[in-house]
1. Determine whether Leu3 is among the aliphatic types (A, V, I, L, M), in a strand (DSSP E or B) and either in contact with a helix residue (DSSP H, G or I) (Cβ under 8 Å, 6 or more places away or on another chain) or open to solvent by 60 Å² or more (accessible area, probe 1.4 Å) (or both).
2. Tally up the residues in the range 145-163 that are open to solvent by less than 40 Å² (accessible area, probe 1.4 Å) and not hydrophobic (A, V, I, L, M, F, W, C), please.
3. Look at the range 95-122 and say how many of its residues are at pLDDT below 90 and within 18 Å of Lys167 (Cα to Cα).
4. Looking only at the range 188-241, how many residues end up being small (Gly, Ala, Ser), assigned to a strand (DSSP E or B) and open to solvent by 30 Å² or more (accessible area, probe 1.4 Å)?
5. Can you work out which of the residues in the range 130-144 that are assigned to a strand (DSSP E or B) and in contact with a His (Cβ under 7 Å, 6 or more places away or on another chain) is surrounded by the most Cβ atoms within 10 Å (Cβ to Cβ)?
6. Contact list please: Cβ distance under 8 Å, first residue in the range 167-178 and assigned to a loop (DSSP other than H, G, I, E, B), second residue polar (S, T, N, Q), pairs at least six apart or on different chains.
7. Scan the range 264-282 for residues that are in contact with a Gly (Cβ under 7 Å, 6 or more places away or on another chain) and small (Gly, Ala, Ser) and report the count.
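The values are calculated or read from the model by the stated rules, or taken from the named source; none is laboratory data. Keep in mind it's a predicted model, so treat the numbers as computed, not measured. For neighbour counting, all protein chains shown are included, and Cβ atoms are generated from backbone atoms with ideal geometry for every residue, glycine included. Accessible surface is based on the protein model in full, side chains and every heavy atom, while ligands, DNA and RNA are left aside. Shrake-Rupley method; radii C 1.70, N 1.55, O 1.52, S 1.80 Å.
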Amino acid sequence: KYLVAVTQPPDVYIYLWQLDKARLLGMVEVNFACTRVSISPWAHWKLCTTGTDTLRIWHFADKQMKAMDPLQKKKDYRFTCHAWFDDEKMVVGTEEGDILILAGENDRTMELKKTLQGVHEQSAIWSICAIGRGFVCGGDGGHFTLYERTYDGDYFQRYKRFRMQEKQCIVDISISPNEENVICCVDNNEMVFFSLANVDVMKSDDLSNFKPLPIGFHSDIVTAIDVCIQKSIVVTAALDKNVRVWNFLKKQLEAVKCFDEEALSIACHPTGLRLVIGFKYRMCMFNLLVNDLHLCSDFPVKNCREVRFS
């Protein structure tokens with residue numbers, strides 16, 4: 001029912017709208033840049049903004065928005081993201097890799113209660129999402145961590161930490177309404193899937209926990225391409241170490257496979273059932289499945305930069 005928006009510098013304004021009545025409830029001009037803004041899910045008159053060096057809790061009343069600094073003007077952190085956990089607590093991520101726990105009986109009494117230090121080995125945290133059992137956060141180096149709520153003075157404790165194979169920066173996180181699936185957006189414009197429903201049985205060092213979604217484009221230079229003769233398929237390889245299978249009639253990506261090294265060449269069988277990919281120290285043949293590539297043969301051919309089926 002409500003929408004909050006913030007404009008970019010040099011004229012920075014915060015707007016609060018009531019959507020069902022198409023009415024502007026209030027606005028305020030600020031003298032600092034805001035990178036994230038949100039409305040409390042429990043009270044539309046409570047807002048939060050984070051900027052590079054500012055963190056503010058806003059209270060809307062009598063058509064005015066009044067700001068409160070929960071850190072009492074401390075500038076020890078560079079703020080990146082935040083999330084409301086409940087009507088009394090919120091979590092704030094920082095570039096220093098720490099997470100700040102703010103708590104208070106209301107927005108006017110919120111203050112820093114706990115600091116979770118070195119969450120991602122001093123790497124920056126760029127996204128936080130609250131869930132029923134706690135919250136998840138992601139950031140530099142492909143780190144992804146689940147924290148569980150505790151009912152003591154620690155507030156939260158780390159349950160498990162995972163890491164993406166490519167160690168890309170996780171810039172945003174979205175969680176399904178049933179809190180079983182997570183979509184992470186990384187800094188090369190790709191999206192990956194993580195199953196939160198199976199997190200209890202997952203191993204922290206298993207790199208296959210994150211599965212790329214078959215959408216989007218290459219994030220680096222395309223180095224090889226081939227077209228299937230009998231099917232509407234185009235296969236591409238790029239410096240981002242990904243091989244993608246496209247259907248040019250349906251205009252969609254059908255499969256994507258991430259490797260540990262760059263592909264130097266690629267060829268698609270005329271039937272569209274197999275691919276041959278040349279790497280620096282080997283050449284591999286794959287069966288093309290519905291949404292994956294399955295290795296079936298490996299040839300000791302080095303630096304193969306051109307390959308074709310006869």
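1. Working: among the aliphatic types (A, V, I, L, M): yes; in a strand (DSSP E or B): yes; either in contact with a helix residue (DSSP H, G or I) (Cβ under 8 Å, 6 or more places away or on another chain) or open to solvent by 60 Å² or more (accessible area, probe 1.4 Å) (or both): yes.
The answer is yes for Leu3.
2. To start, the set of residues in the range 145-163 that are open to solvent by less than 40 Å² (accessible area, probe 1.4 Å) comprises 145-147, 150, 156, 160, 162.
Okay, now just the ones that are also not hydrophobic (A, V, I, L, M, F, W, C), so 145, 147, 150, 160.
Of the residues in the range 145-163, 4 are open to solvent by less than 40 Å² (accessible area, probe 1.4 Å) and not hydrophobic (A, V, I, L, M, F, W, C).
3. Matching residues across the range 95-122 total 5.
4. Let us first name the residues in the range 188-241 that are small (Gly, Ala, Ser), namely 195, 197, 204, 208, 216, 219, 224, 232, 237-238.
Next, only the ones that are assigned to a strand (DSSP E or B) stay: 195, 224, 237-238.
With the extra rule that they be open to solvent by 30 Å² or more (accessible area, probe 1.4 Å), the set shrinks to none.
Looking only at that region, the number is 0.
5. Kept after step one, since they are assigned to a strand (DSSP E or B), are these residues of the range 130-144: 130-131, 134-139, 143-144.
Right, trim to in contact with a His (Cβ under 7 Å, 6 or more places away or on another chain) and you get 139, 143.
Values: Gly139: 25, His143: 22.
Once the filter is applied, the top-ranked residue is Gly139.
6. Filtered contacts from the range 167-178: Gln168/Asn188.
7. Selection size over the range 264-282: 1.
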